[in-house]
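Here is the structure we will look at.
The values are calculated or read from the model by the stated rules, or taken from the named source; none is laboratory data. Just so it is clear, the structure is predicted and the values come from calculations on it, not from any experiment. The protein model used for the area step is the full one, side chains on, heavy atoms only, and it has no ligands, DNA or RNA in it. Shrake-Rupley method; radii C 1.70, N 1.55, O 1.52, S 1.80 Å.
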Amino acid sequence: MDRRTWAQDVLRCHLCETPGPPMYCDICHIHLCKVCVGEHISDESKEHKVVTFKKRGFAPECSKHSKKLCELYCEQCNIPICVQCVSSGEHIGHKQVEILKTLQSKKDVLQRDLDELEKLIYPKYQEIVSNIPVQKADLHQNSKKLTTALDKHGEDLHREIDIAIKKLKSDVDEMESKHLVVLDKQENEIKCSISEIEQSIADLKKSLNSNDVSLVSTYKSRVAEFRILPPKLTVSLPRFIPQKINKEQIYQQIGSLSALSIKTEEHGYTLDSPGAESCPLYRPLIDVPRIITDINTEYGESNRLDSVSCLSDDEVWTCGDDNMMRLYNLHGELVKSIQTKSGKIPWDIAVTKSGELVYTDYHDITVNIVKNTQIQTVIRLRGWYPLYVCSTSSGDLLVVMINDDEKQAKVVRYSGSTEKQTIQYNDKGQPLYSSENYTKYISENRNLDICVADYIAGAVVVVDQAGKLRFTYTGPPSTTKKPFSPLGITTDSQGRILITDGNNNFIHILDQDGQFLRYIDNCHLDYPYGLCLDTRDNLFVAEWKTGNVKKIQYSM
């Protein structure tokens, strides 16, 4: 064959020039067809190592014994070794594995790190940094509003207050400048981290595309470092507080800007490794629970408050006896309100992991989700009525429902609109839940148990992920003043179960195995109903009678 055209031709057997040879000699570095393998290894003047073409180059030459290929890997010494290295005795007692297995296992680690960086960590960093321009825009918009308010007040006060107005404007600019410095600093730090992540991704791809064992072996993962997400900045933007004009006390009566408050808030969590169990911070119970905030809402005697569900640490969704779902902040200010699609009362609400509001509509026999301002029906039932709902850690919905003649009750798991699981009976074929149309709030625990507070049964019914009954809680060993009447239920990061007891105005706290731990009975609760928790295990309690929402700290 003309050697000038060799590079343009397909691979050929070194001996017979058959195209597409499937074998390769790692020592002689030549391609072989299967027919010629026997002829090649019959040359006993030197050693041969014939492997499939895909496995060529996996065995590097030994650094101590020339012409010897390393087919093993010493895990204690962390180096490739050949047969002669083994026979020399210097690796006696060391764990030795096939080098191909070692390379593959190390590449598996690299691939996992690459997947986590590309699919989880990198997008999360991008999401966090993308929110900073929004904060800047809000900051600028707020500053413009403050300036406008100050201008209007300055016109009313005329020339007597020009100096004071200029001073306040200066304060606004200074606050904005200080805030921008903090935001710019965080943005630069996050972008620097993103650059490092991009470099790690590039290095991992380079290692994955290489058969160089030494290069792969020297890889040191930084994924644990990158899992610790940047802190979240929470800023209390200043407000202008005008006073009634009094020329004699002009400077005192103008008002003032509230102080600029910039709080660096850690996310409170680190991204979990894929497949790894979450390890939350340890939060023991405190001796005396305390009320942090008492949120006044428009609910009350004419419109009873039923359900609460946290959107964030600062905002909570509510619903009661009318057709509106209302979002309040910790100051009791109405942030947003949404009317149900049917115009009927929402039976229960929940917030998904992505922050979307879900509600059940008993009269319309539907389960709906609110995306932005649009309401989409995800589940429409026939012969069954949806009551209570929760969103699970996997993104599924668990819906408590009863049939149309109120003789059966069950819990159904949905993935989107698809029914995945039904939980209705125990091992003896007996119903797990009462069938009457009364409260049956539901919550998924950290260990994936499904917990239902069954008011009519006077019990909390807990089944495992497969729907098998684990235990039933009917109250602590020592009797309370009145019978246990479970209403709302939620679970915290430690796997503890919290249940409102409407008859006794208590909250029961259990461990994940149903053992009674303590009451919350010192916070002057007035018929506590729905419950939810924020990311720091602060408890939000809906009071059915007063319409207030109490935020309570009960753990460290």
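Which angle from 0 to 90°, rounded to the nearest 10, does the C-alpha axis of helix 99-116 make with the longest principal axis of the chain?
The two axes meet at around 30 degrees.
Leaving out ligands, DNA and RNA, what percent of the accessible area of segment 483-553 is carbon and sulfur, probe 1.4 Å? Spell out each step's value before the answer.
On the way: 900 of 2090 Å².
Here carbon and sulfur together make up 43 percent of the probe-accessible area.
Could you tell me which of rounded, prolate or oblate describes segment 275-393, using a ≥ b ≥ c as the square roots of the eigenvalues of the alpha-carbon gyration tensor, with rounded for a/c under 1.5 and, failing that, prolate when a/b is larger than b/c and oblate otherwise? Don't skip to the answer; put the middle values down first.
Numbers: a/c = 1.94, a/b = 1.28, b/c = 1.52.
Oblate, since a/c reaches 1.5 and b/c is not below a/b.
Could you work out how far helix 122-157 tilts from the main Cα principal axis of the chain, as a 0 to 90 degree angle to the nearest 10?
Approximately 30 degrees, to the nearest ten.
Hey, what's the chain come to in accessible area per residue, 1.4 Å probe, Å²? Can you show the working numbers first?
Values: 29500 Å² over 556 residues.
Accessible area per residue: 53 Å².
For the chain, what does the convex hull of the Cα positions come to per residue, in cubic angstrom?
Numbers: hull volume 162.1 nm³, N = 556.
About 292 Å³ per residue, rounded to a whole number.
Which pairs break 29 Å Cα to Cα here: K119/K178; K166/K191; K49/K107; K344/K550?
On the way: K119/K178 35 Å; K166/K191 37 Å; K49/K107 23 Å; K344/K550 27 Å.
Beyond 29 Å: K119/K178; K166/K191.
Ignoring ligands, DNA and RNA, what percent of the 1.4 Å accessible area of segment 107-203 is carbon and sulfur? Each step should come with its number before you reach the end.
Numbers: 2940 of 5590 Å².
With neighbouring chains kept in place, the figure for segment 107-203 is 53 percent.
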